[in-house]
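Peer 1: Just passing along the structure, written as structure tokens.
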Amino acid sequence: MGLEHLANALTLTNLALALFGVVAGTVIGSIPGLSATMAVAVLVPITFSMAPASALILLGAIYTGAIYGGAYSAILLNTPGTPSAIGTTFDGYPMAKRGDGDLAVAIACFASVFGGIVGALALLLLAPPLSSVALAFGPVEYLWLSIFGLSLIASLSTGNVLKGLAGGALGMLLSCVGVAEISADIRLTFGVSPMIGGIEVVGALIGLYCIPVLIDLVATPERHLKVEQGVRAVRVREAALIAWRSRLNLLRSSVIGTVIGILPGAGGSVAGLVAYSEAKRTARPDQKFGDGEPDGIMATESANNATVGGGFIPTLVLGIPGTPPDAVILGALLVQGVRTGPTLFDGGGSIVYTFIFGLFIATILMLPTGLLIGRYAYKTIVTIPKTILVPAVGFMTIIGTFAIRNSVSDVIIMIVLGSVGWVLSRFGFAASPIVLGLILGPIAEQGFVQAWIIGDATGNLAGMFFGRPISLAIIAFTILSLVYPVIQSRRAKRTLATQANLND
Amino acid sequence: MIETTAKTGRKDVGTLIIASLLIGLGLITLYDVTTYSDSDSVVFPSFVAYALIFCSVLVIIYSWLKPNPHNGFGTGDWWRRFLLVASMLAACLAMPLSGFLPATAIAFAGGLIAARHEGWDARSAIIFALSGVFIMAGFYSLFRFALGVPLP
């Protein structure tokens with residue numbers, strides 16, 4: 001690693017590619033249904049004729065831009081543009097509804113840039129040692145990681161934890177629909193052939209988050225978002241100040257995002273949710289997560305963008321993609337004849353270090369471009385009449401869901417799930433636990449069955465599930481995340497009682 | 001005051017019905033797993049089904065003892081909600097027969113009518129119809145030609 005690699009990354013071509021990638025990624029990522037994976041996949045063919053480092057810079061820029069772009073629709077429409085932005089809806093949409101959408105968009109931009117830089121720094125400085133973390137994760141660690149993720153239901157359920165747990169179980173059942181990954185049994189389709197393909201996560205996500213909003217929007221004549229009088233398009237300075245005040249949250253969430261990004265299969269959605277939960281767990285008493293708390297947006301957005309750099313670590317060092325877009329990028333590299341592995345950092349160092357510096361540049365470019373695009377996205381969504389917004393978003397949900405697998409059945413499932421989700425939400429069953437179950441169900445099932453088979457074969461089932469150090473650490477964190485909110489709430493009640501006594 | 005007391009005393013019937021349906025779903029799953037050939041496919045859905053039934057029973061008990069008066073469908077026009085969802089479903093059913101754009105035009109028109117509370121006149125109808133054509137054509141072109149999605 002040296003200045004020559006930085007100079008290579010700063011050539012006019014690479015700068016133009018980084019800029020194009022970030023803008024294209026941001027726009028594609030902001031459209032519900034078009035995930036970061038799809039953004040990278042559709043633009044891969046144009047990289048085949050490029051130099052490997054330039055191709056990587058373009059793909060990395062698209063990826064990081066798309067992850068950030070998902071925040072726009074999450075904040076302004078309550079629909080995560082990409083699954084990574086699920087957590088952004090929790091506080092972003094309430095902020096937009098009360099007239100702070102411009103601030104939320106700017107906060108998301110600062111957090112994404114910060115997270116992206118932390119992830120890229122980890123890739124630059126710690127790639128080889130950190131990649132060994134990914135190798136230490138076996139099936140049982142994935143099982144416990146998914147259970148840790150499911151324990152977040154407790155913090156994601158607004159009001160009623162029991163309903164949250166029931167929703168999580170419903171989500172996991174939905175994840176079982178279709179052909180079983182391990183044994184190829186056809187499950188829970190009840191003879192309906194379009195169900196054999198299972199429930200597509202992104203389509204389900206669009207349905208569960210977007211359709212209820214549309215149903216609520218058409219029912220009453222009220223405006224969709226509150227418009228604040230005399231407010232500029234994007235409140236950059238205010239957002240920067242909030243981000244600076246919450247730097248610890250930003251740093252913690254970015255580290256969480258980087259580490260989860262390293263784990264193959266976990267991805268930005270899990271990272272965002274884990275970081276959100278940690279931010280909520282360590283919140284001050286005056287912070288109200290779920291009601292438009294800026295720290296919630298910062299946690300999710302910094303973590304999901306940190307997974308970009310984190311995910312490249314096992315991809316480049318081990319040839320194991322950390323996230324789905326990394327798998328597409330890995331394929332593109334193989335087409336170009338680039339062999340990933342530790343030697344890439346030694347023999348072919350020029351490619352990888354030029355790319356890492358390119359990723360830094362792309363992430364930094366995301367700040368002006370993100371704020372600029374955010375300004376227009378916010379103004380458009382706020383000023384557009386509801387009469388045209390509703391059918392336009394409805395059309396986007398149909399085309400976006402169809403595009404994932406070219407399947408009309410997916411669109412029907414999306415609409416039905418969304419309508420059911422609306423009814424459920426009206427009776428206190430939130431969408432987030434269902435989505436969490438849907439995402440983590442397959443990871444938990446695969447980890448459980450594989451760990452069971454290995455434990456059974458070695459005659460040490462208990463040791464397999466409870467005897468490995470990383471598993472024990474994750475179990476400890478899970479217990480902590482379940483017990484800590486209870487302790488915290490009791491402590492808060494005790495403090496309030498003491499204060500009341502003192503006042504008396 | 002009397003109204004509030006009456007509202008608080010009312011049972012949360014919606015939650016009770018939903019939780020009962022979830023129990024039913026759990027029982028159907030437990031029946032379905034008996035048809036699987038491989039035991040590896042059985043363990044996870046069975047476990048989740050038991051968890052769903054258990055949580056739903058607790059939800060019923062909790063909601064019976066402490067009903068939440070805020071739960072419910074709230075105010076708003078039902079025909080607009082139905083029109084929105086029905087037009088989107090109709091678009092899906094029409095898609096294999098008529099192609100993507102004519103089918104989604106049904107959903108778009110349904111959404112326009114459902115969302116318009118201010119009433120219609122010839123000018124607004126033309127403006128919104130034209131806007132719809134532009135939006136649909138724009139996104140269709142993006143997906144069909146730029147992103148290469150094989151839209152029917």
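Peer 1: Please list, ordered by first then second residue, the pairs with beta carbon atoms under 7 Å, 6 or more apart or interchain, first in the stretch A:423-438 and over 14 Å from A:Phe90 (Cα atoms), second among the β-branched types (Val, Ile, Thr) and part of a helix (DSSP H, G or I).
Peer 2: Matching pairs, first to second residue: A:Leu424/B:Ile18; A:Phe427/B:Thr15; A:Phe427/B:Ile18; A:Gly428/B:Thr15; A:Phe429/B:Ile18; A:Leu438/A:Val201.
Peer 1: Determine the pairs where a residue that is more than 7 Å from chain A (Cβ to nearest Cβ) and over 24 Å from A:Val213 (Cβ atoms), located within the stretch B:61-76, has a partner that is surrounded by 12 or more Cβ atoms within 10 Å (Cβ to Cβ) and of a type in the set (Asp, Glu) with Cβ atoms under 7 Å apart, the partner being 6 or more residues away or on another chain.
Peer 2: Hits for this filter: B:Ser63/B:Asp12; B:Pro67/B:Asp12.
Peer 1: On the given criteria, is A:Thr383 among the β-branched types (Val, Ile, Thr), modelled with pLDDT of 75 or more and buried (at least 21 other Cβ atoms within 10 Å of the Cβ)?
Peer 2: no
Peer 1: When you go through B:Leu30, B:Leu83, B:Leu58 one by one, which is the residue that is of a type in the set (A, V, I, L, M) and without any contact (Cβ under 8 Å) to a residue 12 or more places away in the chain?
Peer 2: Just one listed residue meets the conditions, B:Leu58.
Peer 1: Here's another thing I want to ask about it. Taking the stretch B:87-100 on its own, how many of its residues are out of contact with any Pro (no Cβ under 8 Å at 6 or more places or on another chain) and either buried (at least 21 other Cβ atoms within 10 Å of the Cβ) or more than 10 Å from chain A (Cβ to nearest Cβ) (or both)?
Peer 2: 7
Peer 1: Residues in the stretch B:80-99: is at least one among the β-branched types (Val, Ile, Thr) and part of a helix (DSSP H, G or I)?
Peer 2: yes
Peer 1: Do we have any residue at all in the stretch B:1-11 that's facing chain A (nearest Cβ under 7 Å) and among the acidic types (Asp, Glu)?
Peer 2: No, the stretch B:1-11 contains no residue that is facing chain A (nearest Cβ under 7 Å) and among the acidic types (Asp, Glu).
Peer 1: In the set A:Ile199, A:Ile242, which member is at pLDDT 85 or above, of a type in the set (A, V, I, L, M) and assigned to a helix (DSSP H, G or I)?
Peer 2: A:Ile242
Peer 1: Here's something else I'd like to know. Quick one: count up the residues across the stretch A:214-229 that are at pLDDT 85 or above and surrounded by 15 or more Cβ atoms within 10 Å (Cβ to Cβ).
Peer 2: Residues flagged as at pLDDT 85 or above and surrounded by 15 or more Cβ atoms within 10 Å (Cβ to Cβ) within the stretch A:214-229 amount to 6.
Peer 1: Let me ask you something else. For B:Val33, indicate whether it is of a type in the set (A, V, I, L, M, F, W, C), closer than 20 Å to A:Gly191 by Cα and modelled with pLDDT of 90 or more.
Peer 2: Yes: the conditions hold for B:Val33.
Peer 1: Would you point out which residue out of B:Ala103, B:Ala137, B:Ala109 is outside the structural domain of B:Ile17 (by TED's automatic domain parsing), more than 21 Å from A:Leu208 (Cβ to Cβ) and touching a Cys at 6+ places or on another chain (Cβ under 8 Å)?
Peer 2: Of the residues listed, the single one that is outside the structural domain of B:Ile17 (by TED's automatic domain parsing), more than 21 Å from A:Leu208 (Cβ to Cβ) and touching a Cys at 6+ places or on another chain (Cβ under 8 Å) is B:Ala103.
Peer 1: Now for a different question. Sort through A:Leu367, A:Leu389 and tell me the only one that's under 22 Å from the mean Cα position of the chain (by Cα), part of a helix (DSSP H, G or I) and more than 29 Å from B:Ser41 (Cα to Cα).
Peer 2: Going through A:Leu367, A:Leu389 in turn, just one is under 22 Å from the mean Cα position of the chain (by Cα), part of a helix (DSSP H, G or I) and more than 29 Å from B:Ser41 (Cα to Cα): A:Leu367.
The values are calculated or read from the model by the stated rules, or taken from the named source; none is laboratory data. This structure is a prediction, so every number in the text was calculated from the model and none was measured. Cβ: placed from backbone, ideal geometry, glycine included. Neighbour counts: every protein chain shown.
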